[in-house]
Structures are given as C-alpha cells and as structure tokens.
Amino acid sequence: MTNSFTNCLSAEWIKKRRSFSSWLVVVGACFIPLILTIMFLVYPKQILDLHHSGQFWRILQLRSWETMSIILLPMGIVLAVSLITQIEFKNNMWKQLHTAPVPFSSIYFSKLVLILLMLAQLFVLFNIATYVSVWIPALLNRDVPFPLYAINGTDVLKENGAYFIASLPLISLQFAISLQFKNFLVPIGAGLVLVVGGIIAHSWKYVYMLPPAYTALHFGEASGSTKHTDHNLTLWALGYFVVFVIIGYLLYVNRKEKG
Amino acid sequence: MYCVHTTALSHRFSASQQVLKEIELAVPTGSIYGFLGPNGAGKTTTLRLLLGLIKKQQGEILLFDQPLHLHRLQLLRQTGSMIEVPSLYGHLTAKENLLIWQKLYQCPKPHIAEALQIVGLADTGNKRVRQFSLGMKQRLSIATAILHQPALLILDEPTNGLDPYGIIEMRDLLKTLNTQHGITIVISSHLLAEIEKLVTHTGIISAGRIVFQGTLNELVSRQQSESQMILQTANNTEAAQIVKTFVSDVVINAQHISMPLLSKEKIAALHRALVQHKIDVYEMNAIKKELETIFMELINQTKHD
C-alpha cells in the first residue's frame with residue numbers, strides 16, 4: 001500500500017511536468033512580489049517607509065499576504081486543483097488509470113498530496129520572491145538601503161503554516177468537486193461561487209463556518225485589522241479538511257463507472 | 001485452460017436497458033480472440049467489466065482462473081489494456097508517458113526502451129504526444145499496455161481510425177506479441193474483415209448475447225456448410241435425378257438446380273455421371289458464402305429474435 005502510494009505520487013509528479021497547474025504555481029507565487037518590486041522601484045519612498053517602520057520583515061510579509069490571502073490564493077486553489085484533476089479528464093485517462101494495479105485510495109490520496117506539495121511549493125516560491133522583491137530595488141537604487149535585518153524564521157514558518165492550514169478545507173472541497181465533473185467549467189464555476197461567497201460574507205458573524213474565507217480571516221487576525229471570532233480557525237479548518245477528504249474519497253471510490 | 005472466462009455475465013444500465021445477457025466468454029490461453037459485434041452490441045461494456053471499470057452486477061468473471069472481484073490488483077498486474085480511443089498524456093513525451101506506467105506497474109525501467117522498440121517509437125525523442133499521428137498514438141497505447149509484459153492484452157477496437165497501412169502494421173504487431181511473447185490477446189472489432197486474418201478464435205456478440213463462439217476454423221466450416229452449388233444443364237429434370245444420388249437436399253428452379261456445396265471428389269463424380277447420361281452441362285458453380293455474410297446473418301438472427 002505504502003509502496004503503491006509512493007509510486008502513484010511519483011507518477012503524479014511526472015504528470016504535472018509542463019502542465020498549466022505547474023506554471024500556475026510559478027506565476028501565482030511571483031505575481032504579488034513582482035508588483036511589489038515594480039512599486040518599490042517606481043515609488044522608493046514606500047520601501048524607505050518600511051525601513052523606518054522598525055518591523056521591516058513583518059510589515060513586508062503582511063503587505064505581500066494581503067491580496068494573496070483574500071483573492072489570489074483562494075482563486076489559485078480553485079484553478080490549480082481543477083487543472084490537476086482535468087489532466088485525467090482532458091486526456092481521457094481515468095479508465096486507463098483505473099486499470100493500473102494500484103488501489104483506488106493510492107490514486108486519490110497521491111493526487112491530494114501532490115496538490116498539497118504544490119501549495120507548499122507555492123509558499124516557498126512566494127516567500128523567496130517576496131524576499132527578492134526588496135533586494136532588487138536596493139541593488140538598482142543607491143538611495144534604497146539593503147534589508148540587512150534578521151528574519152524571524154519561526155514567525156515566517158508559523159504564518160505560512162497558518163495560511164497552509166487555512167487553505168486545506170477549500171483544497172479538499174474543490175478536489176472532491178473536481179473529481180466528479182468532466183466539464184472543466186463546472187468545478188471552476190462552483191469554486192468561484194464559493195470564493196466570491198466567502199468574500200461577500202466577510203463581515204457576517206458566522207463567517208468562521210465558511211471555509212473559502214479562512215485565508216482572508218487569518219490575514220485579518222494576523223494584521224490585527226479584524227478579530228472576527230473567538231472560534232479556533234485552525235481547528236475548524238482541520239475539521240472541514242478531514243470531512244471533505246472523506247466525503248470526496250467516498251464519492252470517488254463509489255462511482256459506478258470508473259472511466 | 002481459459003485466460004478469460006465469464007459465466008452468466010449480465011449487465012443493465014437501467015431497469016429498461018439490459019446491455020448484456022448471460023455472456024459466456026471463453027478465451028483460451030495463448031489465443032488471439034476476436035470479439036466481434038456491431039456498434040452498441042455490448043463489446044465495450046463486456047471489456048470494461050473484464051477490467052473492473054464497471055461494477056459487476058450479475059455473473060462471474062474469471063481471469064487466469066481467479067475471480068476478478070477478489071483479486072483485482074493481482075490480476076490487473078498480469079493484464080494490459082486499451083479501451084476505445086488511446087489514453088495518453090498529450091503534454092508529455094512518449095518516454096514520459098511510459099515512465100508514469102513504469103511507476104504504476106512497478107516494473108523495471110529498461111522495459112520502457114523495450115516497449116518503445118517493439119512498437120517502433122524509439123526515436124520520437126522530445127516530441128509531445130499531442131503532436132503524434134493517430135497511428136503513433138495507437139502504437140504508444142499498445143506500448144503502455146505491454147510495458148509490464150502482461151500475459152493478457154485486452155484491446156477495444158485498436159484499429160479504429162487507422163488507415164489500411166496502419167491496420168496492417170497493427171495486425172503484424174499483435175501477431176508478433178502473440179507468437180513471440182506468448183501474450184493472449186482479446187481484440188474487439190465491429191468489422192470481421194479487419195481481424196479475420198489475425199484471430200485464432202472468435203466470439204460474436206449481438207444485442208448483448210453471444211451468438212457464436214469458437215475457433216476461426218469452426219466459423220469457416222459453418223461458411224462451407226452454408227455455401228451452395230448451382231447447376232444448369234440442357235435437361236434439369238433428368239439432371240436433378242442424378243444429383244439426388246449424390247445429395248438429398250436438391251431444389252429445382254426454372255433455370256437451375258441448387259444444392260449444398262459438394263466436395264471436390266463428388267463434383268468430379270457428378271460431372272462424369274451427367275456426361276455419361278449425355279446431359280449437356282452449361283454451368284456448374286459454387287456460390288460460397290462470405291464470412292462477412294455469415295457474420296451479418298448471425299447478428300440479424302438475434303435482432304429479429
């Protein structure tokens with residue numbers, strides 16, 4: 001079982017080569033840092049203010065996560081997860097995959113783990129690109145000093161970990177939906193409705209029950225701009241994740257026709 | 001010994017739509033089994049059931065004498081398949097496609113080069129599969145199916161969409177796999193002419209029922225038994241009396257006498273007898289039924305049942 005799972009996972013890793021989803025990870029990770037770089041080059045005062053703030057890395061991190069957590073990350077999850085499952089639908093591969101001598105659980109969980117690895121890849125690239133975004137202006141503009149402040153690695157890991165956990169319910173829900181529909185527009189449409197719904201419900205008192213809003217809610221808490229709820233979002237996110245993974249697996253494994 | 005054996009295999013998609021009715025498939029080990037039938041007869045559904053792609057509702061499926069539902073993974077390890085259109089990852093190269101299956105089948109890496117060599121795709125390099133011709137895609141699908149050196153190959157209409165040259169190429173490839181690698185092959189088609197030069201055994205399915213199953217020779221014998229001879233002479237009435245000494249089933253028409261096809265020896269003897277009786281023979285002709293006609297009659301017989 002473990003052997004078939006690792007083999008499935010490495011097969012999944014090969015499948016994502018040159019796929020749209022793998023490009024999406026790179027583009028998604030570099031988009032906000034690229035905007036920041038351009039902004040710091042055009043308006044050097046912005047980066048100088050960061051230097052004067054005394055909390056250079058913390059404020060930079062908040063600025064880079066702001067748009068990412070509210071819109072780009074949820075939208076990116078919807079798109080990337082749908083694209084991953086679409087690789088099988090588009091190439092008419094489900095039937096072939098289901099004749100391989102591997103358990104259905106290995107197929108399901110290897111895809112899910114691949115998506116989680118891609119999310120981790122996105123976060124690593126995003127952090128590196130954010131770091132680079134403040135070095136490039138310092139290299140190109142003599143008036144901008146180099147950010148030689150120590151980075152609190154624990155803080156960065158904690159924050160990234162919190163966003164990662166906050167992303168899990170949307171990933172598992174989108175994964176469950178995407179496995180059910182051949183037509184790419186259906187999971188994409190459903191996912192976008194969920195994300196937009198999460199944004200609209202941002203100030204609703206029960207927003208803590210809406211998984212697509214979790215990354216934005218975490219940003220609100222991290223930036224101190226909003227304190228939505230006394231509920232533990234991490235526990236809610238992990239709970240939803242487990243429930244959606246189980247439902248998704250049962251729907252997948254009980255399909256009458258496997259391709 | 002049978003490589004594939006089904007008993008009373010029935011399947012319905014809905015209460016009113018029964019697609020398979022008590023299918024008894026018997027594929028001898030080492031054979032090339034042509035599974036024939038018109039479109040919609042139930043070929044693909046049967047093959048999907050054999051591969052576990054559809055949940056079995058009724059009956060028994062044995063692969064290598066073991067029930068599929070109890071030993072699915074173990075049996076799939078010995079089986080290669082291609083169902084309908086080729087299933088390949090278009091954004092990857094041929095080698096990358098096979099690398100995926102090498103991981104899934106857990107077979108040695110050198111099998112990739114061997115499989116590509118067998119199907120004649122060793123030199124495709126970095127070309128993406130989406131740029132391949134249909135024939136190349138079909139061959140790569142076969143390479144996928146034989147990568148783990150299976151004992152059984154299940155192919156659903158592998159010649160669909162191929163040009164005549166591609167069909168001949170595919171036929172040669174399958175013959176090689178059968179004779180040199182000892183792989184039992186189940187190949188479905190809706191055209192008898194397309195596979196009659198390839199198969200050793202046939203099963204004909206029509207409207208969800210098996211209407212014929214046996215060796216190709218048995219089908220050919222049936223063809224001969226259903227063929228006729230036509231005789232036209234200067235005196236058909238007198239000639240018919242002579243013919244009746246050779247064969248009882250004689251029909252006299254206005255123009256000619258028809259009878260079942262006789263052996264070469266009997267034809268010569270009949271001819272001698274007619275000449276001895278001074279009856280002028282105008283025409284003595286064997287009207288052989290084409291295999292295709294037998295096939296169509298078998299199918300139509302079920303449709304009208």
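Would you check if there is a residue in region B:284-301 being in contact (Cβ under 8 Å) with a residue 60 or more places away in the chain, under 30 Å from B:Gly40 (Cβ atoms) and touching a strand residue (DSSP E or B) at 6+ places or on another chain (Cβ under 6 Å)?
yes
Tell me, which residue of region B:77-86 that is buried (at least 23 other Cβ atoms within 10 Å of the Cβ) and under 20 Å from A:Asn7 (Cβ atoms) is nearest to the other protein chains (Cβ to nearest Cβ)?
Applying the filter and picking the extreme gives B:Ser81.
Could you grab me the full set of residues in region B:234-293 that are within 32 Å of the chain's Cα centre (by Cα), among the aliphatic types (A, V, I, L, M), surrounded by 11 or more Cβ atoms within 10 Å (Cβ to Cβ) and not in a helix (DSSP H, G or I)?
Correct list: B:Met259, B:Leu261, B:Leu262, B:Ala286.
Matching residues to (1) modelled with pLDDT of 90 or more; (2) within 30 Å of B:Ala193 (Cβ to Cβ); (3) within 14 Å of chain A (Cβ to nearest Cβ):
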site: B:His71; (1), (2), (3): yes, no, yes
site: B:Tyr89; (1), (2), (3): yes, no, yes
site: B:Ala94; (1), (2), (3): yes, no, yes
site: B:Ala145; (1), (2), (3): yes, yes, yes
site: B:Ile154; (1), (2), (3): yes, yes, yes
site: B:Pro158; (1), (2), (3): no, yes, yes
site: B:Lys175; (1), (2), (3): yes, yes, no
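Does B:Ile118 satisfy the condition of being away from chain A (no Cβ under 11 Å), modelled with pLDDT of 95 or more and closer than 21 Å to B:Leu177 by Cβ?
Taking the combined requirement at face value, the residue does not satisfy it.
Taking region A:36-55, which residues are in contact (Cβ under 8 Å) with a residue 24 or more places away in the chain and surrounded by fewer than 18 Cβ atoms within 10 Å (Cβ to Cβ)? Steps first, answer last, please.
Our first condition is that a residue be in contact (Cβ under 8 Å) with a residue 24 or more places away in the chain; within region A:36-55, this holds for A:36-37, A:40-41, A:44, A:47-48, A:50-51.
Within region A:36-55, A:Leu41, A:Pro44, A:Leu48, A:His51 meet the criteria.
Within region B:178-186, is there a residue that is in contact with a helix residue (DSSP H, G or I) (Cβ under 7 Å, 6 or more places away or on another chain) and surrounded by fewer than 20 Cβ atoms within 10 Å (Cβ to Cβ)?
Taking every residue of region B:178-186 in turn, none turns out to be in contact with a helix residue (DSSP H, G or I) (Cβ under 7 Å, 6 or more places away or on another chain) and surrounded by fewer than 20 Cβ atoms within 10 Å (Cβ to Cβ).
Consider only pairs whose beta carbons are under 6 Å apart and that are at least six residues apart or on different chains; among these, list those whose first residue lies in region B:260-279 and is more than 13 Å from B:Thr233 (Cβ to Cβ) and whose second residue is among the acidic types (Asp, Glu) and part of a loop (DSSP other than H, G, I, E, B).
Filtered contacts from region B:260-279: B:Pro260/B:Asp249.
Among the listed residues A:Gly197, A:Gly259, which satisfies the condition of being in a helix (DSSP H, G or I) and either more than 14 Å from chain B (Cβ to nearest Cβ) or surrounded by 13 or more Cβ atoms within 10 Å (Cβ to Cβ) (or both)?
A:Gly197
Go through (1) surrounded by fewer than 20 Cβ atoms within 10 Å (Cβ to Cβ); (2) touching a strand residue (DSSP E or B) at 6+ places or on another chain (Cβ under 8 Å); (3) part of a helix (DSSP H, G or I) and name the single condition B:Gly166 misses.
Condition not satisfied by B:Gly166: (2).
The values are calculated or read from the model by the stated rules, or taken from the named source; none is laboratory data. Quick caveat, the model's predicted, so the values are computed rather than measured. As a convention, Cβ positions derive from the backbone with ideal geometry for all residues, glycine included, and neighbour counts pool all protein chains shown.
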